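A.B. asks: I'd like to ask you about the structure that follows.
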Amino acid sequence: MKLGRRTVPYALLAPGAVWLVLFFVVPLYYMGKLSLESGTVGSLEFNWHWANYSDALSLYDTQFVRSFLYAGTATAIALVLAYPLAYVIAFKAGRWRNALLFAVIAPFFTTYLIRTLAWETILSDQSPVVEVLDTLGLAPGGHVLATGGAVIAGLTYNFLPFMILPIYASLERIDVRLIEAAKDLYASAAGAFWRVTLPLSAPGVVAGTLLTFIPASGDYVNAQFLGSAGNQMIGNVIQSLYLKQTNYPSAAALSFVLTALIMVAVLVYIRFAGSEALMGEEAR
Amino acid sequence: MGNSELKTRRLALILAALVATATLALGLAACGGGGVEGDGETAEAETVKLAGKPSGELTISNWPLYIDENTVSNFEKQSGVSVKYIEDVNDNAEFFGKMQPLLGQGESGGRSIFVVTDWMANKMHELGYLQGFDPAGLPSFEKNLRAELKSPSYDPERAFSAPWQSGMTGLTVRTDLAPDVHSICDLFDPQYKGKVEMLTEMRDTVPLVMKCMGVDPEGADEGEWLAAIDKIQGAVESGQIRRFTGNDYARDLTSGDAVAVIGWSGDAVQLQADNPDIEWRMPTEGCILWSDNMVIPVGAPNPTAAEAWIDYVYEPEVQADIAEYVNYVTPVEGVKEILAERDPELAKNQLIFPDESFTKNCTIQPTPTGEEEQKITAAFEAVLNG
């Protein structure tokens, strides 16, 4: 049988569509239904219980604010660390480029959990790092582990490669002749960077911040191992509701609220940063 | 004009395809069952029906490293039952989360025995997920279960739960860094600020704090649970409590990040072997006694073999092998005498064979129930996730 020209795209689309429906739409439907149930395990009842949503917001607003604060701070720090690094790898590393790129990805050969647990040792009370911080007066209470600072440090470290790689990719694509042209036209080095390099690397920056901020907002591993009772994020609350309190409806509602809030934040950000920046020149 | 018509037709086609796949998927999901709602009634607990001599296959779910190497094969040889022994219980709540959708439909996932802690056994029983024992198949269990374990509040007749191993929750301290911590109340002493940790396991931490407050946790009401949780909250806010942990307090004690924690007796035997400065202490207020229990879930295949297994591990000679390997508190009478000959040091260890005077102030791990449980758990989790 010969496939018509018109059916080919749909045939190509089908595997992806089925995958998306099976593993995204269907679970989403069940989660949505679950989030509107009430009662305890064994006697859950679907009754359009919208209070799960209002409760989610009113009970856990602190953790929401904290999650976005930690994720935002971690994203900002990661950006400050990642940009110069990506710049060096793209333009100045020469034959070391591949080695440096490998070094960025190398930690990923260890599992996420082990990488996070390693920070327990790095930030342990008797570690040199903490002793230096303590001498500088930067460790109130004499410890760093089990504080918000440790959680942010963990998030920054764990998601840093997601910031570095997109920025590197967009810098590497830049035609150096454009920078040379800017200099030929009497732009200073800083001027050329500010008016040519930075705008051209904006897609990488936007992609990097999203790839860092979104997973960091929903993370619970860092807060669980590096934080204390006052530093738990919204992911920890959802985990606790699901697995420890078996309060499935509230956990489902909270997950939806988190998804919605992240989507709103991302839309606002893209609006502000411009979708062109995200998609690059192809969007034009 | 023609172009826009084409577009509409394409869109319609896409939508149709989507709806078709979605319907298919939903149908599949419905066939697969799932969902977490039950039928809303607590089922009348069924009882094991014994069927002649044990035979066939038996699947057991237990915690990791909780049995010696020979007991399973010895049982297979003696009984003719073929055993599939799986170590897939790591956390009561998570195991419950995994099994609950099946149990809600009266199935046990092919397993005939779970090993779960007291409160979880209680919870499963309340939900109608467990079968009652038939005492006819359990003569050794009836005879050899140690007296103090015979009537916990949630199962006074031991009608559906048989202890696998027991343990104590009390104080684990660094004797070099916190030599003076002897009571739960000492954990609130400001000189240990930021160096104290408690367990995320509510039913260990909160009852011990109640004991410090002079409240008997056995039969404590909701107000008393919440008052103890308030006290813990205060210690979190003042920075007294560094964090809440599971077994990972071991790391913090070893590094000295924590000097005194609420901890489990079984861990301490091993920790002490690595670091002689770590010691488990019986709090002056007493400890919490808990047991992990063998239970037979609803829909369990081959309950006859399940009872045969339970009865088998209650023979003192069999239990001695297990006790020698796992170093927890054995629930079986007569094991100490056997081990006294094999390994006198082990038989003298109070953490493995506590005598009555050692545990005189201890309480069997209490648990709130029903709606009270959800409220108290939520309050405690609010402290952990504050």
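A.B. asks: Of all strands (runs of 3 or more DSSP E) completely enclosed by the range B:240-314, which ones contain at least 2 residues that are out of contact with any Phe, Trp or Tyr (no Cβ under 7 Å at 6 or more places or on another chain), of a type outside the set (S, T, N, Q) and within 30 Å of residue B:47 (Cβ to Cβ)? Before you say what the answer is, go through the steps one by one.
C.D. replies: Working: elements: B:241-245, B:260-264, B:278-281, B:288-295.
Result: B:288-295.
A.B. asks: So residue B:162 clears everything in (1) crowded, with 23+ Cβ neighbours inside 10 Å; (2) more than 23 Å from residue B:63 (Cα to Cα) except one condition, right? Which one?
C.D. replies: Among (1) crowded, with 23+ Cβ neighbours inside 10 Å; (2) more than 23 Å from residue B:63 (Cα to Cα), residue B:162 violates only (2).
A.B. asks: From the list A:248, A:220, which one is in contact with a Gly (Cβ under 7 Å, 6 or more places away or on another chain), hydroxyl-bearing (Ser, Thr, Tyr) and touching a residue at least 12 places away in the same chain (Cβ under 8 Å)? Spell out how you get there, then give the answer.
C.D. replies: Details: A:248 fails: in contact with a Gly (Cβ under 7 Å, 6 or more places away or on another chain).
Just one listed residue meets the conditions, A:220.
A.B. asks: Scan the range B:124-133 residue by residue and report those that are out of contact with any helix residue (DSSP H, G or I) (no Cβ under 6 Å at 6 or more places or on another chain) and at pLDDT 95 or above.
C.D. replies: Quick first cut of the range B:124-133, residues out of contact with any helix residue (DSSP H, G or I) (no Cβ under 6 Å at 6 or more places or on another chain) only: B:124-128, B:131-133.
Hits for the range B:124-133 are B:131, B:132, B:133.
A.B. asks: With (1) surrounded by fewer than 18 Cβ atoms within 10 Å (Cβ to Cβ); (2) within 14 Å of chain A (Cβ to nearest Cβ); (3) in a loop (DSSP other than H, G, I, E, B) as the list, and residue B:374 as the residue in question, which single condition is left unmet?
C.D. replies: In the conditions (1) surrounded by fewer than 18 Cβ atoms within 10 Å (Cβ to Cβ); (2) within 14 Å of chain A (Cβ to nearest Cβ); (3) in a loop (DSSP other than H, G, I, E, B), residue B:374 misses (3) alone.
A.B. asks: Of the numbered conditions (1) away from chain B (no Cβ under 12 Å); (2) surrounded by 15 or more Cβ atoms within 10 Å (Cβ to Cβ); (3) in a loop (DSSP other than H, G, I, E, B), residue A:85 fails exactly one; give the number of that condition.
C.D. replies: That leaves (3) as the condition not met.
A.B. asks: Which one of these does residue A:231 not meet: (1) modelled with pLDDT of 90 or more; (2) among the polar types (S, T, N, Q); (3) surrounded by fewer than 22 Cβ atoms within 10 Å (Cβ to Cβ)?
C.D. replies: Failed condition: (3).
A.B. asks: Sticking with this structure for a sec: Could you please tell me which pairs satisfy a Cβ distance under 6 Å, a separation of 6+ or placement on different chains, a first residue in the range A:140-159 that is more than 9 Å from chain B (Cβ to nearest Cβ), and a second residue that is of a type in the set (Phe, Trp, Tyr)?
C.D. replies: Close Cβ pairs (under 6 Å, with a partner that is of a type in the set (Phe, Trp, Tyr)) amount to A:151/A:70; A:152/A:70; A:154/A:119.
A.B. asks: Now for a separate question. Run down B:207, B:217 and say which single residue is in a helix (DSSP H, G or I) and touching a residue at least 60 places away in the same chain (Cβ under 8 Å). Before the answer, list the steps.
C.D. replies: Values: B:217 fails: in a helix (DSSP H, G or I).
When all the criteria are applied, what remains is B:207.
A.B. asks: Does any residue of the range B:131-139 turn out to be small (Gly, Ala, Ser), buried (at least 18 other Cβ atoms within 10 Å of the Cβ) and more than 19 Å from the chain's Cα centre (by Cα)? Even if it seems obvious, please write down each step before you answer.
C.D. replies: Taking the range B:131-139 first, the residues small (Gly, Ala, Ser) are B:132, B:136-137.
The next check asks that each one be buried (at least 18 other Cβ atoms within 10 Å of the Cβ); those that pass are B:137.
This time we only want the ones that are more than 19 Å from the chain's Cα centre (by Cα), so: B:137.
Yes; the residues of the range B:131-139 include at least one that is small (Gly, Ala, Ser), buried (at least 18 other Cβ atoms within 10 Å of the Cβ) and more than 19 Å from the chain's Cα centre (by Cα).
A.B. asks: Now for a separate question. Could you tell me which residue of the range A:31-57 is farthest from residue A:253 (Cα to Cα), considering only residues that are away from chain B (no Cβ under 13 Å) and at pLDDT 90 or above?
C.D. replies: Here the answer is A:48.
A.B. asks: Tell me which residues, restricted to the range B:315-333, are surrounded by 24 or more Cβ atoms within 10 Å (Cβ to Cβ) and in a loop (DSSP other than H, G, I, E, B).
C.D. replies: Across the range B:315-333, the qualifying residues are B:330, B:331.
A.B. asks: Right, something else. Can you name the condition, by its number, that residue B:139 falls short on among (1) more than 14 Å from chain A (Cβ to nearest Cβ); (2) touching a Gly at 6+ places or on another chain (Cβ under 7 Å); (3) at pLDDT 95 or above?
C.D. replies: Going through the list (1) more than 14 Å from chain A (Cβ to nearest Cβ); (2) touching a Gly at 6+ places or on another chain (Cβ under 7 Å); (3) at pLDDT 95 or above, residue B:139 breaks only (2).
A.B. asks: Next up: Would you confirm, using the coordinates I've provided, whether residue B:194 is at positive phi and either assigned to a helix (DSSP H, G or I) or in contact with a Lys or Arg (Cβ under 8 Å, 6 or more places away or on another chain) (or both)? Please lay out each step first, then the result.
C.D. replies: On the way: at positive phi: yes; either assigned to a helix (DSSP H, G or I) or in contact with a Lys or Arg (Cβ under 8 Å, 6 or more places away or on another chain) (or both): yes.
Answer is yes for this residue.
A.B. asks: State which residue pairs qualify: first residue closer than 10 Å to residue B:311 by Cα and outside any loop (DSSP other than H, G, I, E, B) and inside the range B:135-152, second residue small (Gly, Ala, Ser) and at pLDDT 95 or above in any location, beta carbons under 8 Å apart, and separation of 6 or more residues or different chains.
C.D. replies: Filtered contacts from the range B:135-152: B:137/B:308; B:141/B:162.
The values are calculated or read from the model by the stated rules, or taken from the named source; none is laboratory data. All values derive from a computational prediction rather than experimental measurement. Here the Cβ is made from the backbone with ideal geometry for all residues, glycine too, and neighbour counts use every protein chain on show.
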